[in-house]
Each structure stands twice: as structure tokens, then as C-alpha cells.
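Everything below concerns the one structure shown next.
The values are calculated or read from the model by the stated rules, or taken from the named source; none is laboratory data. On a predicted model such as this, the values are computed, not experimentally measured, just so you know. With ideal geometry, Cβ positions are generated from the backbone for all residues, glycine too; neighbour counts draw on all protein chains shown. Just the protein is used for accessible areas: all its heavy atoms, side chains included, with ligands, DNA and RNA removed. Shrake-Rupley method; radii C 1.70, N 1.55, O 1.52, S 1.80 Å.
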Amino acid sequence: MMFKNKLPAINDIEGDRVPKSFPFIIDAHVHIFPDGIFKSVWKWFDKYGYPIRYKFNALDLLNFLLLHGISHIIALQYAHKPGISNGLNQFMAEVCSRFPQKVTGMATVFPGEKGAGDILKNAFDMGLKGVKLHAHVQCFDMNSRDMNPIYELCSYENMPIVMHAGREPSSPAYLCNPYSLCSAEKLEQVIKSYPDLKICVPHLGVNEYLEYKQLIEKYDNLWLDTAMVMTDYFPGNKPFPLNEMRADRIMYGSDFPNIPFAWDRELKQIEKLEIPNNILNLVLGKNACEFFSIPEPEGL
């Protein structure tokens, strides 16, 4: 359990720009919320997880990443209770409208809430391009009936789902036990049942690295993102090297701004790996273009 005890901040030096040798970069895992929800999220992390280094509002954090050389951002959110999804989706659409061709926004819905399908249809009509779900916070079983309307609509509309379905980082402060809700085996049932549905599991599926490595080798509708697990931060955390995994199913993500270290720590760690350019291009941009249906820039 990674959050059994509060983890420390790391006062590492941040860079002014992304590494010069890197190509077009899409950050596939960035959180935005209205100010009130952000403050609640940061309060939780400060008490149970780790100190948040970047306590920016939504507009400021997006501008920060773009000004530091990130080319495109996938903005994520999640509803922690029923009844707030419509408001969050409107907020997301309004923020994204200020960053045309630079920020792709994902919708939210609380599994099992009344009118979940209509909530998502409205969000897609507003221009949002998929759904973000978080089993630890929303306490859903990914194989429950409540999930079927979400899977079916996203599959029909060709909208991807980013679903925190890995067991970690877990905390005794969560209202549910992620180990009872989350497993690669449960996720495999979903991807087998909905072969046309694109799903991304964040954090490379920590702590089931081998199981998720095998799943992306087996299924073409599953992706993973790297958020935070490539940073040498979590104790005892040893993901597979990127060049040992199916390279066309891995996306770079930062988890910004909810991180306890420099915004570019993960990029610096990836740079140290000296992986081939063809793999780097896939992980840093091309795979996210495919998953989120973002036009590829020339030369990528």
C-alpha cells in the first residue's frame, strides 16, 4: 500500500523547457478541476498522500505546461459523487474552448448515477472526447451493471475511456478497498466484452506490471500511461523498461499538477533511458494521437 504512510516532497530542480532532443509531446494525464474541488483534492493529498507542489488553478496549470514546451494536453477530471457530473463537464468544455487544438478534454460521470448515458451524450455534444473514471475514488466495480451503459455508449460513439483500474496507489483513507475492486483480470473481462472500446489504464497498471504488460501484448484496444511510475518516487516501485513493453500501447502522462516533484521529472527520467527515437516518438506523442483521435503534426 503506497500511501500507508505519507510520502515526502522532493525538492528537485525543474527545467524551463522539455528536453531539447524530444519530439512533439502530448501529456496524456493532466488533472483540472474547479477551484473548490482542487482545494479538497490537495487537502486529501497533503494529509494522506504527499505534499502537492503545484497548486495552480485550471487555466494557470494548462498555460504553465504549454509555455514549458508540452505541445498538447489531455485534461482529466472525475466526479467523486452523484449529481455533479454535468457541472464538471460544462466546466471542462469551457476551459478547453480557451485552448483550441492544444487541450483535449475528457468527460466525467459517476457510475450508477441517474441518467448516466444522457450525461455523457451531453458531454460529447459539448466537444469532450472521452471519459475519465477512477475506481479508487468513485468506488465502482468495473464489471458491475452500472458500468455497461458507459461502456456501450463509448464503444458506439468511438470515445475512449481512461480508467484508473490499477490497485495502486492505494490508501487506507479511501472509502473502498482498491484491492477488492481492481485487478488486471477484471479489466480483461471488460476489454474482451467490448473489443471496439479503447481503454487506457494509468500508471502502467501499478502494481500489476507483468499482468498489464501481457494484456497490452494480447489486446489491441488497451493502452497504458506512464503517470508518476517512471519517476523513481514510489518506494519499491519497479516498472518494466519502456523498450521491453509493447511500444505502440504506452503513452506519456505526468499526473500534473498533483505531484510532489518537478513537473519534468518523468521526462528527465525517460531521457536517461536513451530509448530509440521510434519508440520515443510513439510514447511521447503518436500513441496519444491514435488513442484520443488527435491529428498528428507533420513529421511525427
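When the residues of segment 32-73 are narrowed to those that are open to solvent by less than 10 Å² (accessible area, probe 1.4 Å) and touching an Asp or Glu at 6+ places or on another chain (Cβ under 7 Å), which ends up farthest from TRP263 (Cα to Cα)?
The selected residue is ILE73.
Go through segment 43-59 residue by residue and tally those that are of a type outside the set (Lys, Arg) and under 16 Å from ASN5 (Cα atoms).
So the count comes out to 8.
Please enumerate the residues belonging to segment 256-300 that are out of contact with any Phe, Trp or Tyr (no Cβ under 8 Å at 6 or more places or on another chain), in a helix (DSSP H, G or I) and surrounded by 21 or more Cβ atoms within 10 Å (Cβ to Cβ).
Of everything in segment 256-300, those that are out of contact with any Phe, Trp or Tyr (no Cβ under 8 Å at 6 or more places or on another chain), in a helix (DSSP H, G or I) and surrounded by 21 or more Cβ atoms within 10 Å (Cβ to Cβ) turn out to be LEU282, LYS286, PHE292.
Answer yes or no: is there a residue in segment 213-220 that is of a type outside the set (Val, Ile, Thr), on the phi < 0 side of the Ramachandran plot, under 16 Å from the mean Cα position of the chain (by Cα) and surrounded by 21 or more Cβ atoms within 10 Å (Cβ to Cβ).
Looking for residues that are of a type outside the set (Val, Ile, Thr), on the phi < 0 side of the Ramachandran plot, under 16 Å from the mean Cα position of the chain (by Cα) and surrounded by 21 or more Cβ atoms within 10 Å (Cβ to Cβ), one finds none in segment 213-220, hence no.
What number of residues within segment 239-255 are under 19 Å from the mean Cα position of the chain (by Cα), open to solvent by 40 Å² or more (accessible area, probe 1.4 Å) and either under 19 Å from PRO169 (Cα atoms) or modelled with pLDDT under 95 (or both)?
Residues flagged as under 19 Å from the mean Cα position of the chain (by Cα), open to solvent by 40 Å² or more (accessible area, probe 1.4 Å) and either under 19 Å from PRO169 (Cα atoms) or modelled with pLDDT under 95 (or both) within segment 239-255 amount to 1.
If I ask for residues that are touching a residue at least 40 places away in the same chain (Cβ under 8 Å) and open to solvent by 30 Å² or more (accessible area, probe 1.4 Å), which ones from segment 200-210 would you list?
Selection gives ASN207 alone.
I'd like the full set of residues that are among the acidic types (Asp, Glu) and either under 13 Å from PHE240 (Cβ atoms) or in contact with a Lys or Arg (Cβ under 8 Å, 6 or more places away or on another chain) (or both), limited to segment 176-219.
GLU208, GLU211, GLU217, listed by residue number.
Name the pairs: first residue in segment 103-126 and in contact (Cβ under 8 Å) with a residue 24 or more places away in the chain, second residue in a helix (DSSP H, G or I) and among the hydroxyl-bearing types (Ser, Thr, Tyr), Cβ to Cβ under 6 Å, at least 6 apart or on different chains?
If the second residue must be in a helix (DSSP H, G or I) and among the hydroxyl-bearing types (Ser, Thr, Tyr), the pairs left are THR108/SER85; VAL109/SER85; PHE110/SER85; ILE119/SER85.
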